[in-house]
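A.B. asks: Shown below is the structure under consideration.
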Amino acid sequence: MIKRFLYSQKVAPYVFVLPFVLVFAIFWVYPLLSSFQMSFQQITLGQDSSFARFDNYSKLLTDTVFLKAVVNSAIYMVLTLVILIPFPMLFAVLINNRLMWGREFFKSSFFFPALTSVVVAGTIFRLMFGEMEGSLINSVLGLFGVEPVKFLKGQTTGFVALLSLATWRWTGVNMLYFLSGLKSIPDDYYEAASIDGASSFQKFTRITMPLLKPVTIYVLTISIYAGLAMFIESMMLWNGNNSPKNIGLTIVGYLYRQGIEKNNLGYAAAVGIVLLLITMIINLTQLAFTGLFKKED
């Protein structure tokens, strides 16, 4: 009876889907609901929790450190979008060109940084952007007569270091996404355009970019999330979660500070819920703006 039930064509789809549903419910839905409940509580390790109503959320509105973290995360997200979408797309187009030599070498070279541990990469970049004269970046600047710069002590220079790390790690990943999209574009389109006298720029703007729209939307969506959820890069670059004047503090970094360092779990849960709402609002807005929810004729 049990064997007949499991081998039933009506039951089989649910059996295959069940592992995903269980993992999704246990490791995503349950933690999300628990965090939402905790965000309305005052929770301190070793003490009984108490209902705090909307106190955690109202406190966030006047918390200048939290607002600083939101601004830092937003700036980082926008700048990574400006860098990590157009440039990987251009690199993908160049590598996909038939006249390009050593394509496999460049693919591997661009993707290799993504295989490096973020802890190792962050440590290396911290040494590169160190304020000592012997650090790599200051040594290069010294060749042009520039005085040593304290990159990790200033807001603007700190973001230069953060964005350098992000560009080095993720350019290759996004480039491979665009390469996979380029492989799905038939060569006939480009041949027809060449016959009509279209230039390379016209082919790129009239054929490549429109047909890469699904891939671009995907890269944009994951990049928005990655930008707002960035934490380890900042923590490793400043060797901790306490950068000077919070110039490298992110939303997740502030969540970590409140929940792990200060054991203020209820307040940290509220920070996490706000981060989720910000990410969902931005992504749903851009998905609607790009026409993903429109019905095709």
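A.B. asks: Which numbered condition in (1) open to solvent by 70 Å² or more (accessible area, probe 1.4 Å); (2) modelled with pLDDT under 85 is the only one that residue 55 fails?
C.D. replies: Failing condition for residue 55: (2).
A.B. asks: Residue 254 is checked against (1) part of a helix (DSSP H, G or I); (2) touching a residue at least 60 places away in the same chain (Cβ under 8 Å); (3) within 26 Å of residue 179 (Cβ to Cβ) and fails just one. What number does that condition carry?
C.D. replies: Of (1) part of a helix (DSSP H, G or I); (2) touching a residue at least 60 places away in the same chain (Cβ under 8 Å); (3) within 26 Å of residue 179 (Cβ to Cβ), only one is false for residue 254: (3).
A.B. asks: Which residues, taken from the range 188-216, are within 18 Å of residue 90 (Cβ to Cβ), part of a helix (DSSP H, G or I) and of a type in the set (A, V, I, L, M, F, W, C)?
C.D. replies: Those that are within 18 Å of residue 90 (Cβ to Cβ), part of a helix (DSSP H, G or I) and of a type in the set (A, V, I, L, M, F, W, C): 201, 204, 207, 209, 211, 215.
A.B. asks: Could you tell me which residue of the range 86-111 is farthest from residue 220 (Cα to Cα), considering only residues that are among the aliphatic types (A, V, I, L, M) and buried (at least 16 other Cβ atoms within 10 Å of the Cβ)? Please lay out each step first, then the result.
C.D. replies: Keep residues of the range 86-111 that are among the aliphatic types (A, V, I, L, M), which gives 89-90, 92-95, 99-100.
When the remaining residues are screened for being buried (at least 16 other Cβ atoms within 10 Å of the Cβ), the result is 89, 92-93, 95.
Working: 89: 12, 92: 16, 93: 18, 95: 21 Å.
Step by step, filter the range 86-111, then rank; the result is 95.
A.B. asks: Just checking, which of 180, 200 is among the polar types (S, T, N, Q), over 12 Å from the mean Cα position of the chain (by Cα) and either surrounded by 15 or more Cβ atoms within 10 Å (Cβ to Cβ) or at pLDDT 90 or above (or both)? Outline the logic, then answer.
C.D. replies: Numbers: 200 fails: either surrounded by 15 or more Cβ atoms within 10 Å (Cβ to Cβ) or at pLDDT 90 or above (or both).
Checking each option against the conditions leaves just 180.
A.B. asks: Hey, another quick one. Within the range 120-136, which residues are at pLDDT 90 or above and not in a helix (DSSP H, G or I)? Can you show your working first?
C.D. replies: Step one: of the range 120-136, the residues at pLDDT 90 or above are 120-129, 136.
The answer is 129, and nothing else.
Residues are listed down the side, and each one gets a yes or a no for (1) under 29 Å from residue 131 (Cβ atoms); (2) outside the structural domain of residue 34 (by the TED database); (3) exposed (fewer than 15 other Cβ atoms within 10 Å of the Cβ):
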| site | (1), (2), (3) |
| --- | --- |
| 188 | no, yes, yes |
| 193 | no, yes, no |
| 248 | yes, yes, no |
| 258 | no, yes, no |
| 268 | no, yes, no |
| 272 | no, yes, no |
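A.B. asks: From the list 97, 72, exactly one residue is more than 24 Å from residue 252 (Cα to Cα) and in the same structural domain as residue 168 (by the TED database). Which is it? Step through it out loud before you land on a result.
C.D. replies: On the way: 72 fails: more than 24 Å from residue 252 (Cα to Cα).
Criteria check complete, one pass: 97.
A.B. asks: Whether any residue in the range 205-215 is polar (S, T, N, Q), closer than 18 Å to residue 64 by Cα and surrounded by fewer than 19 Cβ atoms within 10 Å (Cβ to Cβ) is what I want to check. First the steps, then the outcome.
C.D. replies: Step one: of the range 205-215, the residues polar (S, T, N, Q) are 205, 208.
Within this subset, residues satisfying the condition of being closer than 18 Å to residue 64 by Cα are none.
No, there is no match, as no residue in the range 205-215 is polar (S, T, N, Q), closer than 18 Å to residue 64 by Cα and surrounded by fewer than 19 Cβ atoms within 10 Å (Cβ to Cβ).
A.B. asks: Within the range 140-153, identify whether any single residue is under 21 Å from residue 72 (Cβ atoms), basic (Lys, Arg), open to solvent by 50 Å² or more (accessible area, probe 1.4 Å) and in a loop (DSSP other than H, G, I, E, B), and answer yes or no. Please lay out each step first, then the result.
C.D. replies: Residues of the range 140-153 under 21 Å from residue 72 (Cβ atoms): 149-153.
Filter once more, keeping what is basic (Lys, Arg): 150, 153.
Okay, now just the ones that are also open to solvent by 50 Å² or more (accessible area, probe 1.4 Å), so 150, 153.
Next cut, in a loop (DSSP other than H, G, I, E, B) only: 150.
Yes, because at least one residue in the range 140-153 is under 21 Å from residue 72 (Cβ atoms), basic (Lys, Arg), open to solvent by 50 Å² or more (accessible area, probe 1.4 Å) and in a loop (DSSP other than H, G, I, E, B).
A.B. asks: Could you please give the count of residues in the range 112-132 that are of a type in the set (Asp, Glu) and exposed (fewer than 11 other Cβ atoms within 10 Å of the Cβ)?
C.D. replies: To start, the set of residues in the range 112-132 that are of a type in the set (Asp, Glu) comprises 131.
From what is left, the residues that are exposed (fewer than 11 other Cβ atoms within 10 Å of the Cβ) are none.
Qualifying residue count, the range 112-132: 0.
A.B. asks: Please list, ordered by residue number, the helices (runs of 4 or more DSSP H) wholly in the range 1-119 having 1 or more residues that are out of contact with any helix residue (DSSP H, G or I) (no Cβ under 7 Å at 6 or more places or on another chain), among the aromatic types (Phe, Trp, Tyr) and within 30 Å of residue 204 (Cα to Cα).
C.D. replies: Fully inside the range 1-119 and qualifying: 103-111.
The values are calculated or read from the model by the stated rules, or taken from the named source; none is laboratory data. These numbers were taken from a predicted model, which means no experiment stands behind them. Note that each Cβ is placed from the backbone with ideal geometry, even for glycine, and that neighbours are counted across all protein chains shown. These area figures cover heavy atoms from the full protein model, side chains too; ligands, DNA and RNA do not enter into them. Shrake-Rupley method; radii C 1.70, N 1.55, O 1.52, S 1.80 Å.
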